Amino acid sequence: MTMLQMLICDYSAYDQDQLSICQSCIDLINRSRVRKNENSRYVITDSNDFNENGTFKKTTIEPEISYYKSIAHYSFHYTPFIQEYFYQLKANGDIARASVLSDIIQKDLVYYELQSKQCVIVPIPISEERLKVRGFNQVEVMLDASSIRYERILRTNKQYTQSQLTLEQRLTLNNPFYIDEDEIKKVSIDFKDKTIIIVDDIITSGVTIHHAAQVLNRLNPYDVKVYAFANAGEKEYNKSRK
């Protein structure tokens, strides 16, 4: 038998089955999972409520306002366990833990793909500056671990993190995303018959998703949809640990 260090917790144990995650963490994952009737939420994507530069015409968000129109699917609630999971992945560079949720993410996203017309998966990018510091894009790491193909056709010059801004500040931001024209030429995809699925790690206010959708719609796809690993929308935005 081999002494194993668990991928998530600090627990070490002898295990004949070579498991890399303990039962306690498995239980926490299961508690964080959404039920079938909970795996979607509305996000802000109605173009009528935005200026041409991507900033919002309104400066507040209230649940009853009609511009919660686009549905985003997700796999996990943003429980303390999931919050810590992504913090360790992103802040501490513990990319080995990406494999822990890979089976669930693959199953959920493949199911989501089957509901759509010929899909192109597009991860939310991080800036070149942040990529140099962090060394990886956490969304791509999760997709790689889940064996899901994606296209890097979206780029960003965003220098801030969501946790640095209040919701009101996010609503006044210009759109930081743009299409990588060189990458578009490489992939040589006719998007008019394709559904683009934007993939993000955590949904908070929906501002990031809206900005990405606004840019990707310029490719004239059949449709643009949203999938995220976790939904932090229930938490106060300026306290979210992203």
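The values are calculated or read from the model by the stated rules, or taken from the named source; none is laboratory data. Small disclaimer: the values here were computed from a predicted structure and weren't measured. Here Cβ is always computed from backbone atoms with ideal geometry, including for glycine, and neighbour counts include all displayed protein chains. Accessible surface is based on the protein model in full, side chains and every heavy atom, while ligands, DNA and RNA are left aside. Shrake-Rupley method; radii C 1.70, N 1.55, O 1.52, S 1.80 Å.
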*In this structure, does Val187 turn out to be farther than 30 Å from His77 by Cβ and not aromatic (Phe, Trp, Tyr)?*
yes
*Considering only the range 93-119, state which residues are closer than 24 Å to Ile189 by Cβ, crowded, with 19+ Cβ neighbours inside 10 Å and among the aliphatic types (A, V, I, L, M).*
Ile105, Leu109
_Unmet criterion (only one of (1) among the acidic types (Asp, Glu); (2) at pLDDT below 70; (3) outside any loop (DSSP other than H, G, I, E, B)) for Asp27_ = (2)
*Pair list, Cβ under 9 Å, 6 or more apart: the range 133-148 residue free of Cβ contacts under 8 Å to residues at least 24 places away in the same chain, other residue part of a helix (DSSP H, G or I) and open to solvent by 30 Å² or more (accessible area, probe 1.4 Å)*: Asn137/Arg130; Asn137/Leu131
